[in-house]
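Only one structure is covered here, and it is reproduced in the block below.
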Amino acid sequence: MSPSAAELGSVIQLPALPTAPSMVRAFGAAALRAWQIGTEALDTTLLVLSELATNAVKETGPAIRPEGLLPHEPLEVVRVRIRILRSSAVVEVWDASTVAPSVNPGALEADSEVGRGLFLVGELAEQWGYYYPAVGGKVVWAQIATIPTTALAQRDARPKPRI
Ligand SMILES: Nc1ncnc2c1ncn2[C@@H]1O[C@H](COP(=O)(O)OP(=O)(O)OP(=O)(O)O)[C@@H](O)[C@H]1O
Ligand SMILES: [Mg+2]
């Protein structure tokens, strides 16, 4: 896949089940690897994506772990979009709830036992936020710095030093 395109993107929809975050991670890893954003940015983006997907499932998935789920059983879904811009990755996670996410006030304390996922997202991402799309529900998004795709292309084009 050419990294020279100004913007590249990928979308997936999954049932809001406890298995969703790891599947989102696998999907994200495949997409981000194809776009060659660099290992550190890839790991950070996957971590942020996992936190957002886990929150979306927690908020809209079944309260009790479903046993013997039938294939026709209705379930909420979560949707994920990953985009690569020139020097950042943007992850967006949609869920059906209109409840706004908010960092737990106690999350900053070192020995905090309250949720820290969004606090971590705030530390790792350049920006994060949420918006309400016309279809309902909400999208929680985060933007993570990457090596600019143009710089990556130049780096890869440079002759490798001989050791
Ligand atoms: N997608 C979401 N929809 C509605 N509320 C959310 C969503 N994401 C987060 N929240 C709210 O924001 C709070 C903080 O989220 P955060 O991820 O920081 O902590 P947590 O999920 O409770 O715990 P942890 O991530 O450490 O397991 C949540 O407890 C929840 O109330
Ligand atoms: Mg969380």
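The values are calculated or read from the model by the stated rules, or taken from the named source; none is laboratory data. The shown structure was predicted, so the numbers you read here are calculated from the model rather than taken from an experiment. For neighbour counting, all protein chains shown are included, and Cβ atoms are generated from backbone atoms with ideal geometry for every residue, glycine included.
Report yes if residue 52 is out of contact with any Leu (no Cβ under 8 Å at 6 or more places or on another chain), near ligand 1 (Cβ under 10 Å from one of its atoms) and either among the hydrophobic types (A, V, I, L, M, F, W, C) or more than 16 Å from residue 142 (Cα to Cα) (or both), otherwise no. Here the answer is yes, as residue 52 does meet what is asked.
Please enumerate the residues belonging to segment 108-126 that are more than 6 Å from ligand 1 (Cβ to nearest atom), small (Gly, Ala, Ser) and either within 15 Å of residue 52 (Cα to Cα) or touching a helix residue (DSSP H, G or I) at 6+ places or on another chain (Cβ under 7 Å) (or both). 112, 122, 125, listed by residue number.
Among the candidates 115, 122, the residue that is surrounded by fewer than 18 Cβ atoms within 10 Å (Cβ to Cβ) and assigned to a loop (DSSP other than H, G, I, E, B) is uniquely 115. Restricting attention to segment 66-84, the residues that are loosely packed, with under 10 Cβ neighbours inside 10 Å and more than 21 Å from residue 94 (Cα to Cα) total 5.
When restricted to residues that are more than 15 Å from residue 117 (Cβ to Cβ) and either among the hydroxyl-bearing types (Ser, Thr, Tyr) or within 14 Å of ligand 2 (Cβ to nearest atom) (or both), segment 86-98 contains 4. Considering only residues in segment 99-112 that are of a type in the set (Gly, Ala, Ser) and outside any loop (DSSP other than H, G, I, E, B), the one that is nearest to residue 142 (Cα to Cα) turns out to be 107. Does residue 102 fit the bill of being more than 23 Å from residue 42 (Cα to Cα), within 16 Å of ligand 1 (Cβ to nearest atom) and surrounded by 11 or more Cβ atoms within 10 Å (Cβ to Cβ)? When the stated conditions are applied, residue 102 does not pass them.
Whenever a residue of segment 50-65 is under 17 Å from residue 11 (Cβ atoms), its partners that are near ligand 1 (Cβ under 6 Å from one of its atoms) and of a type outside the set (A, V, I, L, M), lying with C-beta atoms within less than 6 angstrom and at least six residues away or across chains, give the pairs 56/95.
Of all residues in segment 48-75, how many are at pLDDT below 95 and among the charged types (D, E, K, R)? Of the residues in that region, 3 qualify.
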